[in-house]
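As structure tokens, the structure follows; a few thoughts come after it.
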Amino acid sequence: MRMSNQFSRTLREAPASADSIGYAFLLRCGFIEQLGAGVFTLLPLGLRSIRKIEHIIRDEMNAIGGQEMLMPVVNPADIWKETGRYYSIDKELSRFKDRVGRDMVLAMTHEECVSDVARYQIDSYKQLPQLVYQIQTKWRDDPRPRAGLIRVREFTMKDSYSFDRNQEGLELQYNRHYKAYFTIFNRCGLPTIAVGSDSGMMGGKVAHEYMYLSPIGEDTLITCSNCDYTANRQVATFVKEYYPEDEKKMEKVHTPNCKTIEELASFLDIPSHKTAKALFMMGTFVDEKSGEEENKLIVGVIRGDMEIEENKLQHASKANALRVAHVDEIQAMKMAPGYGSPIGADPSIIVVVDDSVAKSNNLVAGANVDEYHLINTNFPRDYKAIVSDIASATKGNICVNCGHPLNVSKGIEVGNIFQLGTRYSDALGVTYQDEQGVRQPVIMGSYGIGVGRLLACLAEEYHDEHGLKLPITTSPYQVHFVSLMKESDTTDAIYKQLTDEGIEVLYDDRKESAGVKFADADLIGLPIRITLGQRGFKEGTIELKLRSDLSTTHTIAIDSVVSEVKKHIKEQMDQLKG
Ligand SMILES: [Zn+2]
């Protein structure tokens with residue numbers, strides 16, 4: 001590619017809207033341009049990187065038996081109504097009507113669509129197992145798009161779907177994806193870890209997320225300082241300590257100005273683990289058949305030395321969505337914010353207690369009267385509740401596997417894998433006939449990789465103060481060829497020689513100063529740079545530098561430029577074999 005013909009331009013400064021360093025460089029290099037909130041155009045350079053990532057993904061999906069297909073972005077709403085997600089997913093799912101008034105949706109994922117396809121295509125046990133995938137546009141109307149391609153509304157995903165006769169088959173395909181994803185990320189050069197995760201709106205039980213650790217990440221990860229335990233905080237568990245004693249008589253005590261656990265523990269001179277605190281949330285419950293919504297107050301109760309993980313509370317209460325309850329909503333149920341507890345709660349309230357509370361004795365809890373608490377409350381003696389682990393793991397908690405302390409870090413999710421089971425095959429009737437002629441539900445798995453987000457993470461990982469330095473497997477071109485010659489005959493010939501050999505070259509043939517050309521070469525940051533100037537030309541030499549080490553200049557004979565460049569390409573490719 002001749003830079004004199006390049007469609008996009010480079011920017012000396014990042015626009016003020018760039019809220020992450022990788023995003024700023026993708027804008028400055030002319031990889032992407034924003035059209036609207038969470039909506040981006042991939043410019044030629046960016047698209048080349050994306051195509052390379054897609055190529056790696058295709059390779060590895062084909063290697064585990066995947067067959068590529070392409071499903072539509074626009075789906076009739078009927079299939080989403082059949083699974084109930086038309087009703088249970090909030091505004092992130094965009095709904096509209098076609099010209100005859102039929103309900104339609106923009107697909108944010110394709111479990112419904114692929115299940116509809118599979119119920120027509122799969123008939124016999126002889127056709128199983130199957131694995132199909134696509135690399136396709138999705139739309140998710142995210143309320144808070146940010147950080148360029150990290151969190152967008154329109155995006156490209158590789159999504160694959162497995163179909164099996166039984167759980168063993170599913171686990172085999174799941175494990176193949178588990179390994180293939182690491183190969184994909186390694187070939188792209190992106191360091192990731194797999195963490196146990198929540199299956200969220202996907203349903204199913206077992207799930208992993210692939211996380212790129214980054215301070216700009218929105219996911220909180222819990223990792224063990226000693227063993228390989230890793231989990232998203234949404235599902236992470238830890239060892240809770242207990243201090244058993246005999247149950248005592250419950251009593252009401254005056255506790256003025258004790259709205260926080262610290263104030264209460266200090267006033268009563270007790271440790272915080274002798275208290276129970278309540279979190280009031282408003283839960284939305286949706287009937288998946290009719291779409292009817294209902295709001296109910298949820299009270300989560302946890303021991304005073306821990307915090308509640310809202311995701312766990314949502315699961316335990318089976319709510320579709322949670323938000324913090326307003327003071328008037330709490331008071332309407334005759335409970336006192338700051339002095340609230342589930343004791344004496346209206347039966348319509350959903351009470352969930354953490355097992356730390358259920359297994360502790362004589363805790364101090366709110367009396368539902370301002371400035372009063374109850375001492376010696378005991379579950380289940382004094383109130384009824386759903387018991388579940390709803391505690392939020394934090395730094396210093398103890399690992400359930402090995403007893404060592406846990407750490408906390410931030411990550412960006414670049415991929416996920418789910419064991420769906422029969423969640424969708426039951427809803428949409430995806431069945432096969434077994435050897436006895438009996439129809440059985442197909443067992444499904446679902447597996448995603450965000451393609452644009454992967455590029456965004458690479459930009460976060462690979463840059464310095466001058467610009468990007470993407471790995472050779474995902475950089476738009478392999479070689480940046482800077483010409484400082486007045487005449488172009490020689491450099492044109494070298495450019496032709498390189499491209500004839502299949503080498504991907506960005507050729508700076510512009511009438512610009514050396515300073516401008518080098519600044520752009522640093523900014524776009526292709527892995528191998530060759531420079532031909534007047535003096536080198538006279539001596540028959542050309543300069544070669546690697547973007548990873550700009551301080552070292554290799555002087556090579558012009559005659560050997562193809563073989564030298566090829567040698568460096570091979571060296572760098574070999575390091576990223578996965
Ligand atoms: Zn551990």
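Among the strands (runs of 3 or more DSSP E) confined to region 371-462, the ones with at least 1 residues that are away from the ligand (no atom under 16 Å from the Cβ) and farther than 30 Å from Y133 by Cα are located at 372-377, 386-388. Cβ-Cβ distances below 6 Å connect the following pairs, each with a first residue in region 455-482 that is of a type in the set (D, E, K, R), a second residue that is buried (at least 23 other Cβ atoms within 10 Å of the Cβ) and in a helix (DSSP H, G or I), and a separation of six or more residues or different chains: E460/G22.
Of all residues in region 195-226, those being part of a loop (DSSP other than H, G, I, E, B) and within 16 Å of the ligand (Cβ to nearest atom) number 2.
If we keep just the residues of region 282-302 that are assigned to a strand (DSSP E or B), touching a Phe, Trp or Tyr at 6+ places or on another chain (Cβ under 9 Å) and under 18 Å from T83 (Cα atoms), which is least open to solvent (accessible area, probe 1.4 Å)? Taking the candidates together, the pick is V286. Considering (1) in a strand (DSSP E or B); (2) open to solvent by 70 Å² or more (accessible area, probe 1.4 Å), the lone condition that V353 does not fulfil carries the number (2). Restricting attention to region 492-514, the residues that are over 14 Å from V562 (Cβ atoms) and over 41 Å from the mean Cα position of the chain (by Cα) total 5. Looking across region 178-190 at every residue that is open to solvent by less than 60 Å² (accessible area, probe 1.4 Å) and within 16 Å of the chain's Cα centre (by Cα), the one that is nearest to V206 (Cα to Cα) is identified as Y181. Residue pairs whose Cβ atoms lie under 8 Å apart, separated by 6 or more positions or on different chains, with the first residue in region 167-180 and free of Cβ contacts under 8 Å to residues at least 12 places away in the same chain and the second crowded, with 23+ Cβ neighbours inside 10 Å and among the hydrophobic types (A, V, I, L, M, F, W, C), do not occur.
Anything in region 122-167 that is open to solvent by less than 40 Å² (accessible area, probe 1.4 Å), part of a loop (DSSP other than H, G, I, E, B) and under 30 Å from S20 (Cα atoms)? List them, or say none. Passing the criteria: D142, A147, V152. For region 227-236, residues that are open to solvent by 50 Å² or more (accessible area, probe 1.4 Å) and more than 11 Å from the ligand (Cβ to nearest atom) total 2.
Close contacts from region 327-351, counting a first residue that is of a type outside the set (G, A, S) and a second that is assigned to a helix (DSSP H, G or I), with Cβ to Cβ under 8 Å and a gap of 6+ residues or different chains, come to P337/V327; P337/I330; P337/Q331; I350/S317.
If you check R529, R535, R547 for being touching a His at 6+ places or on another chain (Cβ under 6 Å) and of a type in the set (D, E, K, R), only one passes: R529.
Kindly establish whether I261 is open to solvent by less than 40 Å² (accessible area, probe 1.4 Å) and away from the ligand (no atom under 16 Å from the Cβ).
Spelling it out, I261 is indeed open to solvent by less than 40 Å² (accessible area, probe 1.4 Å) and away from the ligand (no atom under 16 Å from the Cβ).
Taking the listed residues N368, N361, the one that is open to solvent by less than 40 Å² (accessible area, probe 1.4 Å), assigned to a loop (DSSP other than H, G, I, E, B), assigned by TED's automatic domain parsing to the domain that holds E310 and free of Cβ contacts under 8 Å to residues at least 60 places away in the same chain is N368, with no other qualifying.
The values are calculated or read from the model by the stated rules, or taken from the named source; none is laboratory data. Everything quoted here is computed from the prediction, not taken from an experiment. As a convention, Cβ positions derive from the backbone with ideal geometry for all residues, glycine included, and neighbour counts pool all protein chains shown. Accessible surface is based on the protein model in full, side chains and every heavy atom, while ligands, DNA and RNA are left aside. Shrake-Rupley method; radii C 1.70, N 1.55, O 1.52, S 1.80 Å.
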